[in-house]
Amino acid sequence: MVTLSNVMRANAASCIGFGFIFFIFPAEVSGFLSTNMKVPEIILFVLGIGLFINGVHLVWASFKPLPSKQLVLYFSGGDYIWVLGSVYLLLSGIWITTSIGILVTILVSGMVGSFGILQMLKRKEMGNY
């Protein structure tokens, strides 16, 4: 069953998983995404820590019986920023230049955008309390 809690937990799992990958393996991620214009490892490391913290915050919020609209908008807004950042990097040809890196970026961005939309829709279904 697709509930707000389940969507937030799936989003949290994604954030925590990618967060670990980014801050444990920044060199490998950088090389996976591009061979000629690599992401500076420090950026991936810091991004990984931020994703991990966001994931833990999502887990906490997913246990609230009725998360506030503002809280859901905060998380969805972060998802949309991720999508816009991914689109920018893809269109500008910066840091994501390998075929597999481009494909994975598109797939992950689509998943993250879906989390943002589903969180907002599921919160709206819960009413205005």
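Just so it is clear, none of the values below were taken in a lab; they were calculated from the coordinates. From a predicted model like this one, the values you see are computed outputs, not experimental measurements. Methodologically, a virtual Cβ is constructed for each residue, glycine included, from the backbone with ideal geometry; neighbour enumeration extends over all protein chains shown.
Pulled fully out, how much extra length does the chain show between residue 46 and residue 74, if you take 0.36 nm times their separation in residues and subtract their Cα-Cα distance?
8.1 nm
What is the local net charge at residue 10, summed over the other residues whose Cβ is closer than 13 Å to its Cβ (Lys, Arg +1; Asp, Glu -1)?
Local net charge: +1.
Rounded to the nearest 20 Debye, what is the dipole magnitude of the range 4-125 about its Cα centre when Lys and Arg each give +1 and Asp and Glu each give -1 at the C-beta?
440 debye
Taking the range 4-125, how many lysine pairs are there with alpha carbons less than 22 Å apart, if each pair must be eight or more places apart or span two chains?
Lysine pairs meeting both conditions in the range 4-125 amount to 4.
Placing one identical point scatterer on every Cα of the chain and ignoring solvent, what is log10 I(q)/I(0) from the Debye formula at q = 0.11, 0.15 Å⁻¹?
Treating every Cα as an identical point scatterer, log10 I(q)/I(0) equals -0.40, -0.70.
HN-Hα J couplings of the range 108-125 from phi, Karplus 6.51/-1.76/1.60, θ = phi - 60°, integer Hz, Gly and Pro as x?
Residue by residue, the range 108-125 yields 5, 4, x, 5, 5, x, 5, 4, x, 5, 4, 4, 5, 5, 5, 5, 5, 4 Hz.
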